[in-house]
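K.L.:
Sending over a structure as structure tokens; questions will come in a sec.
The values are calculated or read from the model by the stated rules, or taken from the named source; none is laboratory data. The structure displayed is predicted, hence computed values, not measured ones. Note: ideal-geometry Cβ built from the backbone for every residue, glycine included; neighbour counts use all protein chains shown.
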Amino acid sequence: MRNRQNKMLSVIVVQALTVVAFGAAYAMLGGNDSSRFRDVVVGTKSYPRAEIPRDQPWQVTPLYDDATVVSDDDLAAVLHKIRPRFNDKNIRPNLVEHALRAWGIHAKFDDPGVMSGEDLKNFLVDHGRFLRVFKDVPPLLQQQPEGVAIRWGRQVGGSVHHDHWLACLTEAGIDRHHRVTTQTRMDMTIDDVIQEALRDFKLDEREVEWSVMAFGFWLVSDEDGKTVRTWKTNTGRELSFDLLAKRLIRGHKQYGVCTGTHRVYSAMVLIRLDDTYKILSESVRAELWQYLEKTRDLIEVCQFADGHWPYNWWDGKESLDSPLPPVNSQVVIATGHHLEWLSIAPLELHPFQGSEQGREMIRKAAKWLIANVKSQSDADMLRQYTFYSHVGNALALWRKTRPEKFWREHGQAKYPYVADHTRKQASAKTDAKVEPTEQDANPKVTD
């Protein structure tokens, strides 16, 4: 009997020691290791969260106010053309995202046929508003156990590019605590979208341009916070801005959406962020800078006499001799997007390092774009809206302002709303088929 009691006591002691050992080992685990332990041993799923240091996203400041690039009258004319004249017959997420990025969430228009920033925002963050247009497709806002994912791709009713929804709302100035209403919940916020995007990101995925921007605008410090320089994904991988930067500039310059120009803009954003927050190592910053210098050198030698840059700008001088067919949307993409990133770039990265010769190239590009925009009908503008939204944004940046601010202070007075039947007829004509996507205009999107 005593032997049996001793054996039972031994078993209990061993079990107790085992539990204590497991507890001690678990206590010594780092955050990621303890999460993996719970996933594997306990059978629960962990969801890493980053401490976002700011409630309002950081915004890149334009560096120039040059009326020789675009006058007040020309800027007002361009912005008049790119007002978001959408309705439930022609609206889709990609259009709204581009409009919000250009106009911001506070934009207001006297014309009731133009969607305000509030209307644009609601279409993206409220499943009920989305459902008014897209009834038989999966939700744009995908409820996840601990966050909200955005359905993206070429399917009907989806956001075309990964993290484009988040990047555009971020540049539009949305608050991190703004409510996001999904199909099943009304208590989610933009923070839940950010968290899902951070942990869902894969370094080798096809498109990283918008993830880089969105993460940078949210993870850098506010006045009292601390910049987040590393974070964890669902797979336990630790990411950093160094890794994002190296992925961003990997491969030939032609790769990436819109002939690689979005990658250039995102690279420039990282440099501007690093100027203040030191988010990059010296070696990676040097690589980014060299990438942008090479881009500058290429566009120095491939501008056409009329001012536009070719779609195959990456071929440099050879593109003048063997240009791709001059499809309007493609040359608007190349010229508008280059003018956009140059508006936030220091003079050293401008053609001819900011000399008068280089500034004249910028003036010629702007003049070509302004004339091109003015020549478009309302229907043509709607079909190619995603491309032309970048033109309006770029030209506003060259006047050190934003489309919403300039329109409120100058444009609205120059183009007052007049309610009459001819305007309604003109508006009806803009129900024409919309050009599919920026991605469709550039099939070479992978490295």
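K.L.:
Quick check on residue 198: is it outside any loop (DSSP other than H, G, I, E, B), modelled with pLDDT of 95 or more, over 16 Å from residue 95 (Cβ atoms) and touching a Phe, Trp or Tyr at 6+ places or on another chain (Cβ under 7 Å)?
P.N.:
Working: outside any loop (DSSP other than H, G, I, E, B): yes; modelled with pLDDT of 95 or more: yes; over 16 Å from residue 95 (Cβ atoms): yes; touching a Phe, Trp or Tyr at 6+ places or on another chain (Cβ under 7 Å): yes.
Yes.
K.L.:
Counting only residues that are of a type in the set (D, E, K, R) and under 14 Å from the mean Cα position of the chain (by Cα), how many does region 89-133 have?
P.N.:
Restricting attention to region 89-133, the residues satisfying the condition of being of a type in the set (D, E, K, R) are 89, 92, 97, 101, 108, 110-111, 118-119, 121, 126, 129, 132.
The next check asks that each one be under 14 Å from the mean Cα position of the chain (by Cα); those that pass are 97, 101.
Going through region 89-133 one residue at a time, the tally reaches 2.
K.L.:
Of the residues that make up region 262-275, is at least one in contact with a Phe, Trp or Tyr (Cβ under 6 Å, 6 or more places away or on another chain), of a type in the set (Ser, Thr, Tyr) and either surrounded by 23 or more Cβ atoms within 10 Å (Cβ to Cβ) or closer than 29 Å to residue 70 by Cβ (or both)?
P.N.:
Within region 262-275, one or more residues are in contact with a Phe, Trp or Tyr (Cβ under 6 Å, 6 or more places away or on another chain), of a type in the set (Ser, Thr, Tyr) and either surrounded by 23 or more Cβ atoms within 10 Å (Cβ to Cβ) or closer than 29 Å to residue 70 by Cβ (or both).
K.L.:
Testing residue 88 on (1) of a type outside the set (Ser, Thr, Tyr); (2) buried (at least 17 other Cβ atoms within 10 Å of the Cβ); (3) within 22 Å of residue 132 (Cα to Cα), one condition comes back false. Which one is that?
P.N.:
That leaves (2) as the condition not met.
K.L.:
What number of residues in region 316-329 are assigned to a loop (DSSP other than H, G, I, E, B) and out of contact with any Cys (no Cβ under 7 Å at 6 or more places or on another chain)?
P.N.:
Quick first cut of region 316-329, residues assigned to a loop (DSSP other than H, G, I, E, B) only: 316-317, 322-327.
Imposing the further condition that a residue be out of contact with any Cys (no Cβ under 7 Å at 6 or more places or on another chain) reduces the set to 322-327.
Looking only at that region, the number is 6.
K.L.:
Pairs needed: first member in region 257-275, under 13 Å from residue 292 (Cβ atoms) and touching a residue at least 60 places away in the same chain (Cβ under 8 Å); second member anywhere, assigned to a helix (DSSP H, G or I) and among the β-branched types (Val, Ile, Thr); C-beta distance under 7 Å; at least 6 residues apart or different chains.
P.N.:
261/333; 264/295
K.L.:
Filter region 229-273 for residues that are touching a His at 6+ places or on another chain (Cβ under 9 Å) and not small (Gly, Ala, Ser); which is farthest from residue 214 (Cα to Cα)?
P.N.:
Applying the first criterion (touching a His at 6+ places or on another chain (Cβ under 9 Å)) to region 229-273 yields 256-262, 264-265.
Within this subset, residues satisfying the condition of being not small (Gly, Ala, Ser) are 257-259, 261-262, 264-265.
Details: 257: 16, 258: 18, 259: 21, 261: 17, 262: 13, 264: 15, 265: 13 Å.
Within region 229-273, the match that is farthest from residue 214 (Cα to Cα) is 259.
K.L.:
Now a separate question. Considering 128, 113, which residue is out of contact with any Lys or Arg (no Cβ under 7 Å at 6 or more places or on another chain) and assigned by TED's automatic domain parsing to the domain that holds residue 158? Break it down stepwise before answering.
P.N.:
Working: 113 fails: out of contact with any Lys or Arg (no Cβ under 7 Å at 6 or more places or on another chain).
128 is the lone residue from the list that is out of contact with any Lys or Arg (no Cβ under 7 Å at 6 or more places or on another chain) and assigned by TED's automatic domain parsing to the domain that holds residue 158.
K.L.:
Exactly one condition in (1) in contact with a Phe, Trp or Tyr (Cβ under 8 Å, 6 or more places away or on another chain); (2) closer than 21 Å to residue 60 by Cβ; (3) buried (at least 16 other Cβ atoms within 10 Å of the Cβ) is not met by residue 169; state its number.
P.N.:
(1)
K.L.:
Oh, and also: How many residues, within region 200-226, are closer than 19 Å to residue 57 by Cα and buried (at least 18 other Cβ atoms within 10 Å of the Cβ)?
P.N.:
Start the filter on region 200-226 by keeping residues that are closer than 19 Å to residue 57 by Cα, which leaves 208-226.
After this cut, where a residue has to be buried (at least 18 other Cβ atoms within 10 Å of the Cβ) as well, the list is 208-220.
Qualifying residue count for the region: 13.
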